[in-house]
Every structure is written in C-alpha cells, then in structure tokens.
Amino acid sequence: MVDLSVELAGLRLRNPLILASGILGVTGQSLKRVAKEGAGAVTTKSIGTTPREGNKNPVVVELPYGLLNAMGLPNPGIDAYGEEISIAKEGGVPVIGSVFGANGEEFASLAKKMESFGADAVELNVSCPNVSSYGLEIGRSPDEVKRITKAVRALISTPIFVKISPAVDVAGVAAAAQNGGADVVVAINTIPAMAIDVDVRKPSLAQGAGGYSGPGIKPVGLRCVYDISSAGIPVVGSGGILTGRDVAEYLMAGASAVEIGSAVYYRGVGVFRTICDDLADFLSTHGYGGVGDIKNLARKGKGGVKR
C-alpha cells in the first residue's frame, strides 16, 4: 500500500490533489461533495469584497486542447460566505479560501474574514487574466505581490498560498510572494489567450480574451513549477492534469501537491478518486512507497531518457 498523504504548509492532506479555485467552489455543498469524491483539499471560488455577476455570455469555449474562459470572477461577496465555509468543512478535508482584491488592504481584509470563517488556508488570486483592476493587472509586479502578501501576513496566522500567472517573471513573483510571507506559491493560473470565430468575424468570448486551461498548458505549468522549486520555494502545481502520470510529472518537477480544475469538466467529479488510483498504481508499479519518493526526481535525474 503506497502512501499518498502529503504535508503542505502545516496542513495534512490525505492525497496531493486539491480542487482548484473556480471549479465547483461557489457553494459549501459543492465543495463538500468534491471532498467526499476523494480530493485531498478544496479551494473556494475566488471571493471579493462585494457581490459580482461576472462577464456576459459566452464565457467558456472548448478548444482542441483545453478550455478558454472569461468568467469575470462572479461571486456572492465575502459577507455572504461564512456559512459556505462551515458547510465545506463538513467534507473533512482542508478548505482553502481564495480571495481577490484591488490592493493589499482589500486582500488583507478578505483574508482575515476567510480565516475567521474557519478556512484552513487562504489563497491570494493575483493572476486572473480576464478582469480589469484585479488579478493579473496587479500580479505582474513583484513589488506589488510582496506588498499584498505582507499586508495579509500581518493580519492572519493561517497558511498563505499565492497563485501566480505564467505571463509574468515567474521566478521574481514567486520570490516576492515568499519574501512577503507566503507559505506556498501555486503555479499556474490560466494563460491569457484568445479564440476567434471566423464565421462571424468576432472573438469567441464576449469579453474578447480570456484564460486558457487544460491539457495544452501542462508543459508551461511544469516549467514554472520546475523553476520555482529550483529556488527552494514550496510550490503547488496546476495546469493540464488529467491522469496520475500527470501528477507524477508535477511532483518530479518539484511540486508538493497539485490543483485539479479542467479535469472535472473532462472526466467528471469522480476524477479525484480516478487520479488517486492512477497515481497509486504508478507508484506501486515502479516500487515507490509514497508521493514523497518521487518529489524532485526530474531535477535529480536531469535530462535524457534511456529506453
């Protein structure tokens, strides 16, 4: 029997699979359901100071190798979210509260409320590519990311995760987050992208551009995780994970755990158990006792594949 459990910023996860923010994370009941389906931890939808409707439809387009979305951070607002956290925690796994804001003061206030609601950790979304004045607009600057993280750390004692975009100086932003007091960097959020409907001669999304996720971005996510972990910064990998072998790649690149998002769209909510089974089979077949045995193996082995 292989050991899938991991220790992450003081949190004990029964396996390294975390529900990514924005997928089945609006209500406590949906988060609880994902926990019951086998996730090691769950992340809420990104929550802001006030309710937000999001962008006009169409907001999601399926492409050959992934999904393009411009949801626009729809959420009920932080003051309506306490009960949802309470329900989510009935799932028996760590609950990570994702928040977004326009500045350090907003992030800190939101994070403090998430902590008071009972969230086991807080994730700072400084990387959403499809809204103005939030997300990627402020997450491009290492100095701003450091200021935001520092402001949050001054108010909360629970672990801080900072989710970053690949469309930035990844190493610089990750280091800035750590220097500001982050416990973990999450890499990566969706990639800024666009699709055009040539029949109507317009962008496929009403918003124009959006964020690209799914299998097509996995090589980008792996590279970012590899670079961040090379600097000794704890990192959770995200992007294009559909199978246990995908998880193994991220762990070998240096990730301590992974976030699962688009896979729920492709394979259903039961994908957490399926991927755990895949991962356990992979580890057992190759003689590994647990996920810790393969962390950083790609760096230790370096390049080249012998067959």
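The values are calculated or read from the model by the stated rules, or taken from the named source; none is laboratory data. Predicted, not measured: the structure shown is a model, and the values here were computed from it. When we count neighbours, we look across all protein chains shown, and the Cβ atoms used for this are built from the backbone with ideal geometry, even at glycine.
Miscellaneous remarks
- Failed item, numbered, when residue 171 is tested on (1) over 24 Å from residue 298 (Cβ atoms); (2) in contact (Cβ under 8 Å) with a residue 60 or more places away in the chain; (3) out of contact with any strand residue (DSSP E or B) (no Cβ under 9 Å at 6 or more places or on another chain): (1)
- The range 272-307 - residue that is surrounded by fewer than 17 Cβ atoms within 10 Å (Cβ to Cβ) and among the aliphatic types (A, V, I, L, M) and, of those, modelled with the highest pLDDT: 297
- When restricted to residues that are over 12 Å from residue 35 (Cα atoms) and not hydrophobic (A, V, I, L, M, F, W, C), the range 87-109 contains 8.
- So residue 110, is it more than 15 Å from the chain's Cα centre (by Cα), closer than 27 Å to residue 170 by Cα and crowded, with 23+ Cβ neighbours inside 10 Å: yes
- Scope the range 20-41; condition under 19 Å from residue 234 (Cβ atoms) and not polar (S, T, N, Q); matching residues: 20, 40, 41
- Residues that are within 28 Å of residue 220 (Cα to Cα) and under 18 Å from the mean Cα position of the chain (by Cα) within the range 149-165 comprise 149, 159, 160, 161, 162, 163, 164, 165, listed in sequence order.
- Pick from the range 136-173, criterion closer than 29 Å to residue 208 by Cβ and small (Gly, Ala, Ser), ranking: surrounded by the most Cβ atoms within 10 Å (Cβ to Cβ): 139
- Test: residue in the range 195-209 that is under 18 Å from residue 140 (Cα atoms) and at pLDDT below 95: yes
- Boolean, residue 45 is assigned to a helix (DSSP H, G or I) and either out of contact with any His (no Cβ under 7 Å at 6 or more places or on another chain) or within 25 Å of residue 159 (Cβ to Cβ) (or both): no
- Scanning the range 1-33 for residues that are closer than 17 Å to residue 278 by Cβ, of a type in the set (Val, Ile, Thr) and surrounded by 20 or more Cβ atoms within 10 Å (Cβ to Cβ), we see that the one that is nearest to the chain's Cα centre (by Cα) is 18.
- Number of the condition not met by residue 73 [criteria: (1) under 20 Å from residue 19 (Cβ atoms); (2) at pLDDT below 95; (3) in contact with a Leu (Cβ under 7 Å, 6 or more places away or on another chain); (4) not basic (Lys, Arg)]: (3)
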